[in-house]
1. Kindly list, by first and then second residue, each pair from a residue in region 60-80 that is free of Cβ contacts under 8 Å to residues at least 12 places away in the same chain to a residue that is in a strand (DSSP E or B), limited to pairs with Cβ atoms under 6 Å and residues at least 6 apart or on different chains.
2. Among the listed residues PRO102, PRO89, identify the single one that is more than 30 Å from ILE23 (Cβ to Cβ) and at pLDDT below 70.
3. Enumerate the pairs (first residue in region 3-31 and under 14 Å from VAL56 (Cα atoms) and among the polar types (S, T, N, Q); second residue anywhere and modelled with pLDDT of 85 or more and part of a loop (DSSP other than H, G, I, E, B)) with beta-carbon separation below 9 Å, excluding pairs fewer than 6 apart on the same chain, so at least 6 apart or on different chains.
4. Name, by its number, the condition in (1) at pLDDT 90 or above; (2) surrounded by fewer than 16 Cβ atoms within 10 Å (Cβ to Cβ) that does not hold for ALA15.
5. Are any residues in region 33-49 under 22 Å from the mean Cα position of the chain (by Cα) and in a strand (DSSP E or B), and if so, which ones?
6. Scan ALA79, ALA6 and give me the residue that is at pLDDT below 85, surrounded by 12 or more Cβ atoms within 10 Å (Cβ to Cβ), among the hydrophobic types (A, V, I, L, M, F, W, C) and not in a strand (DSSP E or B).
7. If you scan region 21-47, which residues turn out to be within 12 Å of ARG78 (Cβ to Cβ) and touching a Gly at 6+ places or on another chain (Cβ under 9 Å)?
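The values are calculated or read from the model by the stated rules, or taken from the named source; none is laboratory data. Worth saying up front: this structure is predicted, and the values here are computed from it rather than measured. Cβ: placed from backbone, ideal geometry, glycine included. Neighbour counts: every protein chain shown.
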Amino acid sequence: MAPRTARKKAEPKKAADLWKEEIERAGNLPAKTYTLDGHYEEGEKVDHSSFGLGMVKKLISPDKMEVLFEEELKVMIRAVNITNVQPAPARMPRRLSWARRPASRPEKSPKEIRSAEPETA
């Protein structure tokens, strides 16, 4: 019998290779400038100020999408209505453990404390 040799696994395509294929496939499709409140669809080009040119691969939820950039696949926020966002409700300040409430009854003076102690013979 011939000795067994390990088969080489097919290397997964790198993000840069996939990105290049997607950009070529999109052709002359214009790129939208990425904004939080932008509406994007699968297959659209996105121009991000930090990550560069990308392709929308998948819409995850109404407000999230996967975008393939040259370096890596990223989850991005989309379609957020920034102008009508309600501010968070005001919260009461947290009570600090070292801050004590004022005593509900006045403290006893040293004279009152001494008079309350039983006398020893």
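1. GLU66/LYS57; GLU66/LYS58; GLU66/LEU73; GLU66/VAL75
2. PRO102
3. Final answer for the pair search is none.
4. (1)
5. Matches in region 33-49: THR33, VAL46, ASP47, HIS48.
6. ALA79
7. LYS32, TYR34, VAL46
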